[in-house]
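Undergrad: The following block contains the structure, expressed as structure tokens.
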Amino acid sequence: MARLLLIEDDPAIRGSLLRALRERGHAVAASPAAMDGLQTALAERPDLIVLDLGLPDLDGRELLRMLRAVSRIPVIIATARDEETEMVRLLDAGADDYVVKPFTAAQLDARIRAVLRRGAGPLASPVLTVGGLSIDVGARTVTLDGAPIELSPREFDLLHHLAQRPGQVVTKRDLLSEVWQVPYGGADKTVDVHLSWLRRKLGETAQEPRYLHTVRGVGVRLSEPA
């Protein structure tokens, strides 16, 4: 059983999802507005939040940014906006998944279970080492040659994913699917931009790589400096 918070202003949708998710064994609280939902999230610390975007007091995207500033609680966006650019923007802002309205309770429940499985992880938090890079998965911190480097949540997730496969070429399609949870192609530029930011923080460039090596037409490989 998961403890869920549903932030949804439509009373019919809210009531329907409350009943359906409770029937599936979840403990569900609900908030009709953004600020009430934020207060509930910080007080109750649910396992996962289902967040509508069209809220009466604040756009859901703003609430997502506020949540991510203070919490790593998984968030699934429930939205009628199905444009690819909007979905990528929401995932980049810290959403863990999204469902496009109209959706069934069974579909939402499956995505809730998938997100919670991804976040469960092992009890012991590993530290991954590649050359002078040290990645503390539990603390979500990175050091390079002993010095800490500041990464955004998405940059950390990208580096972590590559560090789990040192020496292997990882395709952009795989990165979009596993890091951004975008199950299709078409947004390679998002990967390129984040790789560029990550390279800058690692003190390298695409022309003079140390850790991040682009394999043209295939993907990127994280490996120790020669």
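A short reminder: the numbers here are calculations on the coordinates, not readings from a lab. Because the structure is predicted, anything quoted here is derived from the model rather than measured. Using ideal geometry, Cβ is built from the backbone for each residue, glycine included, and neighbour counts are taken over all protein chains shown.
Undergrad: Under the rule of at least 5 residues apart or a separate chain, name every residue whose amide H is placed under 5 Å from the amide H of L6.
TA: Amide H neighbours of L6: A29, A30, S31, V50.
Undergrad: Now a separate question. Indicate, rounded to the nearest 5 percent, the antiparallel portion of the DSSP beta bridges found entirely in the chain.
TA: 50 percent
Undergrad: Which whole-number percent gives the relative contact order of the chain, counting Cα pairs below 8 Å spaced six or more residues apart?
TA: Worked out over the chain, it gives 13 percent.
Undergrad: To continue, here is another question. Taking the chain as the reference, fit the longest principal axis to its C-alpha atoms, fit the long axis of helix 188-201 to the helix C-alpha atoms, and give the angle between the two in degrees, 0 to 90, nearest 10.
TA: For 188-201 against the chain, the angle is about 60 degrees.
Undergrad: Label-point separation (nm) for E62 and A80, each offset 7 Å from Cα along Cα-to-Cβ?
TA: 2.0 nm
Undergrad: In deg cm²/dmol and to the nearest 500, what is the mean residue ellipticity at 222 nm of the chain if only DSSP H runs of at least 4 residues count, each as -39500 (n - 2.57), divided by the residue total?
TA: Calculated at 222 nm, the ellipticity per residue is -12500 deg cm²/dmol.
Undergrad: Moving on to the next point. Can you give the local net charge around L128? Use residues other than it whose beta-carbon is closer than 11 angstrom to its beta-carbon, Lys and Arg +1, Asp and Glu -1.
TA: Net of charged neighbours comes to 0.
Undergrad: So, one more: Give me the percent relative contact order of the range 31-131, please, defined on Cα pairs under 8 angstrom at least 6 residues apart.
TA: Worked out over the range 31-131, it gives 23 percent.
Undergrad: Quick check: residue separation of Q107 and W197 times 0.36 nm, minus the Cα distance between them. What number comes out in nm?
TA: 28.9 nm
Undergrad: For the range 156-164, take each phi angle, set θ = phi - 60°, evaluate the Karplus expression 6.51 cos²θ - 1.76 cosθ + 1.60, and give the result in whole Hz per residue in order, putting x for glycine and proline.
TA: Values per residue, Gly and Pro as x: 4, 4, 5, 5, 4, 4, 5, 5, 6 Hz.
Undergrad: Return the distance in nm (one decimal) between the two label points of a simple spin-label model at Q39 and A12, each offset 7 Å from Cα along Cα→Cβ.
TA: 2.9 nm
Undergrad: Okay, next question. Tell me which aspartates and glutamates have Cα within less than 12 Å of K201's Cα, excluding those fewer than 8 residues away on the same chain?
TA: Cross-link targets: E150, E155.
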